[in-house]
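**Student:** Dropping the structure in here first, questions after.
Throughout, read-outs are computed from the coordinates displayed, never taken from laboratory work. This structure is a prediction, so every number in the text was calculated from the model and none was measured. Positions of Cβ are backbone-derived with ideal geometry, glycine not excepted, and every protein chain shown enters the neighbour counts.
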Amino acid sequence: FGYSAEECIGRTVDDIVHPDDRAAVQAGLEALRRSDIETPRAERRYVRKTGEVFWGMVTASALRDAAGAPPGHYLLQIIDIGPQKQAEAALSASEERWSHALQGSRQVVWDFHVPTGMVWVSPQWQELLGLPEEERVHHISQWLSKMHPDDRDRVAEATERVRSRGDAEFDAVYRLRHHVTGRWISVLSRGRVVERTADGSIQRMIGTIVDISREKEIEAQLAEVTERLQVAIEACPQIFDDIPDLLPFVIE
């Protein structure tokens, strides 16, 4: 707290507790006096001699002269947890930024525990497939059950290769059924190994799922146009013989 031993004489708890936490501290000491609690433990704000406010973890004990007698003294142990609170705040801010980024990009994040087959997916999974909030994915089998039957075996084999061969990366395009409309959504799923066991076996992978349905639609349209053009060229090749000579005039 920054006080010398002489400066501590005569000071009370209120001298070191932040004004907004004084009532809670006094209530805790009163509960301790009544023996309602044994050793209260709480996070409170305290004030140093310089006026600096910091967070402390306090544990209080009552020292009684005799059984049943009111406590003669309180023993307070206060640990500075300022760095811990700062780390928690930084983590919270980082998670908030990450959450906003995911919402903006509409990407699903998945976390796959390879040995058990357990899977965690971010809330964007429900949004992507129109699923109710309570329907969660907990196992790889539930994930595979949402896939198009023509894609399921291929993705399952890719997943098994990760498990058996120890592939460091996972990359697959497949279709998922929308819960409400029933339409098939094309997605790109990519992941990387983030944790291995001591013997090198894959323990955990983290990756993303991105909706690429629009790109697949454009790809199909281009393929259709290309096919029609090819058929036309094969049917009437003489019509297209003069096209290179006409191009400069078309451009102008």
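**Student:** Counting each pair of different Cα atoms once, what's the Kirkwood radius of segment 1-57 in Å, rounded to one decimal? It would help to have the intermediate numbers written out before the result.
**Tutor:** Values: mean 1/r = 0.0811 Å⁻¹.
Radius from the Kirkwood sum: 12.3 Å.
**Student:** Could you give each residue of segment 41-53 its phi-based ³J(HN,Hα) in whole Hz, using Karplus coefficients 6.51, -1.76, 1.60 with θ = phi - 60°, and x for Gly or Pro?
**Tutor:** Per residue, the Karplus-derived 3J(HN,Hα) values read 9, 7, 9, 9, 9, 10, 10, 7, 4, 6, x, 5, 9 Hz.
**Student:** Let me ask another. Given the peptides 112-118, 3-9, 149-155, arrange them by the average over their residues of other C-beta atoms within 10 Å, most packed first. Write out the running numbers ahead of the final one.
**Tutor:** Numbers: 112-118: 15.9, 3-9: 9.3, 149-155: 13.7.
So the order, starting with the most tightly packed, is 112-118, 149-155, 3-9.
**Student:** Shifting gears a bit: Can you compute 3J(HN,Hα) from phi for each residue in segment 18-27, using the Karplus curve 6.51 cos²θ - 1.76 cosθ + 1.60 with θ = phi - 60°, rounded to whole Hz and x for Gly and Pro?
**Tutor:** 4, x, 6, 10, 5, 4, 5, 5, 5, 5
**Student:** By per-residue mean of other Cβ atoms within 10 Å, what is the highest-first order of 80-89, 14-23, 123-132? Intermediate values should be presented prior to the final figure.
**Tutor:** On the way: 80-89: 12.8, 14-23: 14.4, 123-132: 16.5.
Ranked from most to least packed, the peptides come out as 123-132, 14-23, 80-89.
**Student:** Considering every Cα-Cα pair within segment 158-223, what fraction, in whole percent, is farther apart than 14 Å?
**Tutor:** So the pairs more than 14 Å apart make up 65 percent of the total in segment 158-223.
**Student:** Counting Lys and Arg as +1 and Asp and Glu as -1, what is the net charge of the other residues whose Cβ lies under 13 Å from the Cβ of residue 221? Intermediate values should be presented prior to the final figure.
**Tutor:** Values: positive: 214, 216, 228; negative: 215, 217, 219, 224, 227.
Result for the local shell: -2.
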